[in-house]
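The values are calculated or read from the model by the stated rules, or taken from the named source; none is laboratory data. Model, not experiment: these values are computed from the prediction. Note that each Cβ is placed from the backbone with ideal geometry, even for glycine, and that neighbours are counted across all protein chains shown.
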Amino acid sequence: MNKYLLAVSGGPDSMFLLNKYKNENIVVACVNYNKRSTSFIDVNIVKDFCKKYDITLYLLEIDPNFEYKGNFQTIAREQRYDFFKNVYDKEKCTQLLVAHHKDDFIETAQMQENSKRKPNFYGIAQYSNYKDMNIYRPFLYDFWKDEIIDFLNKENIEFAIDESNDKPYYSRNKVRLNNKKITTTQKQKIFEKFLKTNQKLTFINEEINNTYRNWQSNGYDCDVLKNIDSTIKNRVVFKFLTEHFENLKLSSKKIENIVIFIESKNRTSKFLLKNNVYLIKTKNKLYITNKKNAIIYN
């Protein structure tokens with residue numbers, strides 16, 4: 001029997017999720033970062049709903065004096081999902097349900113597009129995994145934010161509004177505020193554009209994976225890549241580097257320079273990747289080594 005862990009903040013999206021699944025086999029996890037003076041209101045809404053329907057609730061209260069050294073959004077996400085993982089394991093859940101919707105999807109896709117990078121997938125995946133925790137986003141392709149709020153208002157289901165979402169402090173908020181200026185019809189066109197792009201990327205990714213496996217089976221021989229389309233080739237090289245070395249900052253220009261290095265006539269040479277970590281070409285095959293010449297990968 002499935003047992004669901006619901007990520008609930010007290011905002012409209014997660015209260016919509018909680019209401020939809022309230023009669024299922026569920027437990028709820030809520031995180032209060034205490035970054036807003038009104039955040040206790042959000043938590044109380046979740047507590048009251050869970051008490052009314054006799055739903056088990058786990059609450060994580062973050063110390064308001066906790067220092068976020070680095071990107072707040074990234075650290076907060078790690079805190080949140082690590083907490084979810086603990087509850088998930090303790091309660092022997094089968095899925096974590098998260099209330100992302102169509103607005104979240106296009107916001108993420110637009111941010112990816114604005115970054116000028118070329119992802120393998122635009123938007124948010126409906127299914128994903130975090131530390132062996134199965135994550136499912138049931139509303140991702142079905143509901144807009146306005147539809148969720150309309151439903152909650154009609155059903156008199158209480159929810160909280162995080163006023164910081166309307167302030168352009170973060171890149172996502174800026175995209176969100178811009179999208180509020182356009183109609184649902186216009187947003188739907190944006191949504192469908194990214195869905196079509198993802199369909200095309202699925203075929204491209206399959207070709208990338210097949211090419212990569214072939215290159216891998218040939219011991220990363222540089223000649224294998226020479227007659228491959230440049231778009232596929234660049235992504236295959238990117239896959240090689242990211243799979244065998246973490247935290248590499250790789251711009252499209254750097255990838256192009258690495259491809260030139262790989263295809264050069266010099267059968268033995270090296271390319272600096274990061275902090276004395278080198279991509280080594282020896283007898284026309286690739287290796288990654290550190291400054292002590294220890295082979296990290298070959």
If you go through the stretch 45-62 one residue at a time, do you hit one that is more than 20 Å from K3 (Cα to Cα), part of a loop (DSSP other than H, G, I, E, B) and of a type in the set (A, V, I, L, M)?
yes
Could you please find all residues in the stretch 203-234 being surrounded by 12 or more Cβ atoms within 10 Å (Cβ to Cβ), in a helix (DSSP H, G or I) and of a type in the set (S, T, Y)?
T211, Y212, T231
Of all residues in the stretch 7-29 being touching a Lys or Arg at 6+ places or on another chain (Cβ under 8 Å) and assigned to a strand (DSSP E or B), the one that is nearest to F143 (Cα to Cα):
A7
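Each row is one residue, and each column tells you yes or no for (1) farther than 29 Å from K116 by Cα; (2) modelled with pLDDT of 85 or more; (3) over 31 Å from the mean Cα position of the chain (by Cα).
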residue: Y212; (1), (2), (3): no, yes, no
residue: W215; (1), (2), (3): no, yes, no
residue: G219; (1), (2), (3): yes, yes, yes
residue: K239; (1), (2), (3): no, yes, no
residue: L250; (1), (2), (3): no, no, no
residue: F261; (1), (2), (3): no, yes, yes
With criteria (1) touching a His at 6+ places or on another chain (Cβ under 7 Å); (2) of a type in the set (D, E); (3) free of Cβ contacts under 8 Å to residues at least 40 places away in the same chain, D54 comes up short on (1)
Provide a single number: the residues in the stretch 66-81 that are in a helix (DSSP H, G or I) and either without any contact (Cβ under 8 Å) to a residue 40 or more places away in the chain or surrounded by 14 or more Cβ atoms within 10 Å (Cβ to Cβ) (or both).
9
Against the definition (more than 21 Å from V46 (Cα to Cα) and exposed (fewer than 11 other Cβ atoms within 10 Å of the Cβ)), how does K116 come out, yes or no?
yes
With a cut-off of at least 3 residues that are under 27 Å from N209 (Cβ atoms), name the strands (runs of 3 or more DSSP E) lying wholly within the stretch 87-184.
127-130, 133-136
Mind counting the residues in the stretch 30-44 that are surrounded by fewer than 16 Cβ atoms within 10 Å (Cβ to Cβ), free of Cβ contacts under 8 Å to residues at least 40 places away in the same chain and outside any loop (DSSP other than H, G, I, E, B)?
2
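Okay, residues lined up against (1) under 21 Å from A109 (Cβ atoms); (2) basic (K, R); (3) at pLDDT below 90:
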{"site": "K145", "(1), (2), (3)": "yes, yes, no"}
{"site": "A160", "(1), (2), (3)": "no, no, no"}
{"site": "Y170", "(1), (2), (3)": "yes, no, yes"}
{"site": "E192", "(1), (2), (3)": "yes, no, no"}
{"site": "L195", "(1), (2), (3)": "yes, no, no"}
Test of understanding: among F105, F121, which residue is surrounded by 19 or more Cβ atoms within 10 Å (Cβ to Cβ), more than 23 Å from I26 (Cα to Cα) and not small (G, A, S)?
F105
